[in-house]
Amino acid sequence: MRQRCPTARAIFPNVNFFGRESDGVTQLRGNGTLALTDSELYFERWLPRKVYRVPIASIQAVETAQSFLGKRVYGYSLLKVVYTNDSGQTDAIAWLVRDLETVRQTLESL
């Protein structure tokens, strides 16, 4: 991940992806790596491999949620990022991260 995002402020390995709202409820969860740079939130899901990019400037809110798209892990909160997508519509994406508060604070500082 350091090669893909050499200027990353923070890299969070082994993050569990809960989906992107605009893709609907039938998405599979999956593990991957989340990187935060000055210009974007970059997530690479390992299997099946897929990259999600959210420009920092498009982020409307950083929230915690108990569930996302009907999926949850009891006893854990999720990181939810609400943003404006390429079509100009409001969208959201969520992950289960080990140190939620650190990720949230890092995102909010950008």
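The values are calculated or read from the model by the stated rules, or taken from the named source; none is laboratory data. These numbers were taken from a predicted model, which means no experiment stands behind them. No Cβ is skipped: glycine too gets one built from the backbone with ideal geometry, and neighbour counts run over all protein chains shown. When the accessible area is computed, the model is the full protein with side chains, heavy atoms only, and any ligands, DNA or RNA have been set aside. Shrake-Rupley method; radii C 1.70, N 1.55, O 1.52, S 1.80 Å.
Quick one: how many residues across region 33-57 are open to solvent by 20 Å² or more (accessible area, probe 1.4 Å) and not acidic (Asp, Glu)?
Going through region 33-57 one residue at a time, the tally reaches 12.
Identify the residue in region 1-28 that is charged (D, E, K, R), closer than 17 Å to residue 50 by Cβ and touching a residue at least 12 places away in the same chain (Cβ under 8 Å) and, among all such residues, is most open to solvent (accessible area, probe 1.4 Å).
Out of the qualifying residues, it is 4.
Tell me the strands (runs of 3 or more DSSP E) entirely within region 1-98 that contain at least 2 residues that are within 16 Å of residue 110 (Cα to Cα).
10-20, 30-36, 40-45, 50-55, 59-65, 78-84
Would you please list the contacts, defined by Cβ atoms under 7 Å and residues six or more apart or on different chains, that run from a residue in region 75-104 that is closer than 17 Å to residue 32 by Cα to a residue that is surrounded by fewer than 17 Cβ atoms within 10 Å (Cβ to Cβ) and among the β-branched types (Val, Ile, Thr)?
Matching pairs, first to second residue: 78/64; 79/64; 80/64; 96/73; 100/64.
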